[in-house]
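Worksheet: one structure, shown below.
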Amino acid sequence: MLKHEDVSGEGLSEAPDRDSLIRALRNLEATQARVQQNAERVYDEKRRELVLELLPVLDNLERTLDAAMTSSDAALVEGLRMVHGQLEAVLVRYGVERVDAAGQRFDPAIHEAVATVPMLYPELVGSVVHQVAPGYRFGGKVLRAAKVSVGIARSGVGAVPPRAASAVGSAGPGLGSPFARPERRT
């Protein structure tokens, strides 16, 4: 049988005071906030990793679509366009933004120079004259820089001023899809 202790309180520890309870509650709330932040960070990182794995698939699909456009099989081209559109829609839902660079000033924060092109016209020096591959943003951060060719100064005299956008090959964004690409001319 159990023996009853003296109920006078001498054998028991003193009840926690109000300040101790408030400190414990604050610690618990801070821990919960840290756990929530860590969970969100892990979630965002996993989404970012998934998008990074899908970008090469999108690139290869675009190359396949470009190659198929020379084909006479219209159904194949249309099927590839539909798959391409589906993949783009998924990436947009994940929060991915395409960064098209043609015609813009070179910005090393969002562009990766893979080549330089001598320019006769000074207004094209330091500009993106050709986009090799588009860049992408995710969560407001550059996920992949656009791979571009940049105009550099060339010595030469007697140059004729360039034609407006055709000198740069700029299609510009906003052609229907956030991933709009210039139409291929045949």
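The values are calculated or read from the model by the stated rules, or taken from the named source; none is laboratory data. Everything quoted here is computed from the prediction, not taken from an experiment. In this analysis, Cβ positions are derived from the backbone assuming ideal geometry, glycine residues included, and neighbour counts consider all displayed protein chains.
To keep it simple, each residue is scored yes or no on (1) at pLDDT 90 or above; (2) farther than 25 Å from VAL99 by Cβ; (3) out of contact with any helix residue (DSSP H, G or I) (no Cβ under 7 Å at 6 or more places or on another chain).
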site	(1), (2), (3)
GLU49	yes, no, yes
GLU53	yes, no, yes
LEU58	yes, no, no
ASP73	no, yes, yes
GLN86	yes, no, yes
* To do: Check GLU88, GLU112 and return the single one that is within 18 Å of ARG63 (Cα to Cα), surrounded by 14 or more Cβ atoms within 10 Å (Cβ to Cβ) and not basic (Lys, Arg).
  => GLU88
* Structure fact -> The number of residues in segment 91-109 that are out of contact with any Phe, Trp or Tyr (no Cβ under 9 Å at 6 or more places or on another chain) and surrounded by fewer than 16 Cβ atoms within 10 Å (Cβ to Cβ) is 5
* To do: Looking at (1) more than 30 Å from SER127 (Cβ to Cβ); (2) of a type in the set (Gly, Ala, Ser); (3) more than 16 Å from the chain's Cα centre (by Cα), find the lone condition where ALA89 falls short.
  => (3)
* Contacts under 7 angstrom Cβ, first residue in segment 68-94 being among the acidic types (Asp, Glu), partner surrounded by 15 or more Cβ atoms within 10 Å (Cβ to Cβ), 6 or more apart -> GLU88/PHE179
* Among (1) surrounded by 12 or more Cβ atoms within 10 Å (Cβ to Cβ); (2) among the β-branched types (Val, Ile, Thr); (3) at pLDDT 90 or above; (4) not assigned by TED's automatic domain parsing to the domain that holds VAL148, where does VAL35 come up short? -> (1)
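Conditions tested, residue by residue: (1) within 24 Å of ARG47 (Cα to Cα); (2) in the same structural domain as ARG144 (by TED's automatic domain parsing).
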residue	(1), (2)
GLU78	no, no
LEU87	yes, no
VAL90	yes, no
ARG105	no, yes
HIS111	yes, yes
